[in-house]
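These notes are about the structure you will find just below.
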Amino acid sequence: MSQTVAKVLTASMDSVNMINDINTNGLESNYVPNGYTQENVNELMQTNVDHLETILAYDGTNDTPNVVGSSNSKKTSCSDAITTGKAYIESNT
């Protein structure tokens, strides 16, 4: 296995940062490409929420690291971002 829990969760912080920035800045976020509509932003947000949910479900099978069994503190940041992203989408639909 080439990926470790630490590497996977560190890489996931890109999604966490994007979700948090869009939640704070909306369409003015630097993560939102010019010309994006609210619908586009919601799709972008959902893609990143889905990505984080997938990462947090890694259980050590199929050549994935065991994120489920890890106590890495970045799991909390990922979980919080998932909650934030879902709330953002619900509020902006």
Looking only at region 1-25, which residues are touching a residue at least 40 places away in the same chain (Cβ under 8 Å) and within 19 Å of residue 84 (Cα to Cα)? 9, 10, 12, 13, 15, 16, 19, 20, 22, 23
Hey, any hits in region 38-49 for a residue that's out of contact with any helix residue (DSSP H, G or I) (no Cβ under 7 Å at 6 or more places or on another chain) and at positive phi? no
Residue match in region 57-77 (condition: part of a helix (DSSP H, G or I), surrounded by 17 or more Cβ atoms within 10 Å (Cβ to Cβ) and of a type in the set (A, V, I, L, M, F, W, C)): no
Please go through region 26-54 and pick out each residue that is closer than 14 Å to residue 67 by Cα and in contact (Cβ under 8 Å) with a residue 40 or more places away in the chain. 52
Within region 1-16, how many residues turn out to be part of a helix (DSSP H, G or I), farther than 13 Å from residue 51 by Cα and not hydrophobic (A, V, I, L, M, F, W, C)? 2
Would you mention how many residues in region 17-53 are assigned to a helix (DSSP H, G or I) and either hydroxyl-bearing (Ser, Thr, Tyr) or in contact with an Asp or Glu (Cβ under 8 Å, 6 or more places away or on another chain) (or both)? 2
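Since every read-out is calculated from the coordinates, none of them should be taken as a lab result. The shown structure was predicted, so the numbers you read here are calculated from the model rather than taken from an experiment. FYI the Cβ positions are ideal-geometry reconstructions off the backbone, even for glycines, and counts take in every protein chain you see.
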